[in-house]
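The values are calculated or read from the model by the stated rules, or taken from the named source; none is laboratory data. All of these numbers come straight from a predicted model, not from anything done at the bench. Quick reminder, even Gly has a Cβ in these numbers, built from the backbone with ideal geometry, and neighbours come from all protein chains shown. For the accessible areas, the whole protein counts, side chains as well, though only heavy atoms, and no ligand, DNA or RNA atoms are used. Shrake-Rupley method; radii C 1.70, N 1.55, O 1.52, S 1.80 Å.
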Amino acid sequence: MFWFIGLSLGLYALWFVGAPFAPNKVYWRQFAFRSWGRLFANIANMKIEVRGTPPRPPFFLVCNHLSYSDIPAICAVINTVFVAKGEVESWFVAGRIVRDMGTIFINRENRRDIPRAGAKIIERVESGEGVIVFPEGTSTKGEEVLPFNSSFLQFAAKADLPVHYAAISYETPEGEPQASDVVSWWEDISFMAHLWRLFHLRGFTAIINFSGAPVQNPNRKELARELREKVEEIFTPVI
């Protein structure tokens, strides 16, 4: 826990000091974010197994959501920014760091905020970046893929934007608690308490399965349903 907090703050400080002088600020941000993902993986003894071929930026991608560890696992292998719930921006210290790493925040309780976030996503994609959203709207235990919230995909359907998809799952070694109990963050437990428990594992594996061809559909509900079915096909339940 000490190394994770200390090195995360140190890496952010390095990025913060260097950002004003970086000739390519997006590249510098992506480098810092990807380095943080690999840092988390090393500290947590998280192995990352990639199946399929990750899309190359620019792209828009959806994925099921199991834990906060999804973010470092994914950003350790591809350059991307994430869409997160608006409450994260208000988190002490972490909110500022997450915002500066390019995160797009969305107020899920205000439907009128969805078009603004959608326009921001298209802007990022058109500028050459990759963007990832978790359309289940919450992290789960990993028994199944929940229905996708079609409102998160309204802008993609309207713009006829190709949507890539991926599925993430976790495994723990023999003799350790099940990944669904210690890696997936679904219980009513604080982030720090769950992280403390996670760091007690000897190690675990994140399995990221990337899709082939992206999906396009001008109907947001049909798009959400099709993407959910595609993700479920390549998803391995967490046990």
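In the chain, which whole DSSP H runs stretch at least 18 Å along their own axis (Cα) and average -1.0 or higher on the Kyte-Doolittle scale?
2-18, 25-44, 113-126
Along the charge dipole of the range 137-188, pointing to its positive end and built from +1/-1 on Cβ of Lys, Arg, Asp and Glu, which listed residue (148, 177, 162) has its Cα farthest out?
162
For the chain, set up a GNM with springs between Cα atoms under 10 Å and report which of 179, 84, 119 has the largest fluctuation.
119
Just to check I understand the Karplus step: with θ = phi - 60° and J = 6.51 cos²θ - 1.76 cosθ + 1.60, what whole-Hz values come out for the range 69-84, glycine and proline as x?
Couplings: 5, 4, 5, x, 4, 6, 6, 6, 10, 9, 7, 7, 10, 10, 9, 10 Hz.
How would 127, 8 line up by accessible area, probe 1.4 Å, largest first?
127, 8
Determine the shape class of the range 1-100: with a ≥ b ≥ c the square roots of the Cα gyration tensor eigenvalues, call it rounded for a/c under 1.5, and otherwise prolate if a/b is greater than b/c, oblate otherwise. It would help to have the intermediate numbers written out before the result.
Working: a/c = 1.36, a/b = 1.19, b/c = 1.15.
Note, shape of the range 1-100 comes out rounded.
Given 25 °C and 0.890 mPa s, compute D for the chain with the Stokes-Einstein relation, Rh being the Kirkwood radius over Cα pairs; round to the nearest whole µm²/s.
Rounded, D is 135 µm²/s.
So, with a 1.4 angstrom probe, what is the percent of accessible area on the range 1-98 that is carbon and sulfur?
On the range 1-98, the fraction of accessible area on carbon and sulfur atoms equals 66 percent.
Calculated from DSSP H runs of 4 or more alone, at -39500 (n - 2.57) each and per residue, what is the 222 nm mean residue ellipticity of the chain, nearest 500? Working shown, then result.
On the way: 9 runs with 96 residues, N = 239.
Value at 222 nm, helices only, nearest 500: -12000 deg cm²/dmol.
Over the chain, give the accessible area per residue in Å² for a 1.4 Å probe, as an integer.
51
Mind checking the alpha-carbon convex hull of the range 45-154 and giving the volume per residue in Å³?
Each residue corresponds to 123 Å³ of Cα convex hull volume.
Which one, 183, 17, 77, has the greatest fluctuation when you compute a Gaussian network model over the chain with C-alpha springs under 10 angstrom?
17
Can you give the net charge of the other residues whose Cβ lies under 13 Å from the Cβ of residue 76, counting K and R as +1 and D and E as -1? List each step's numbers first, then the result.
Values: positive: 34, 38, 47; negative: 49, 70.
With Lys, Arg at +1 and Asp, Glu at -1, the net is +1.
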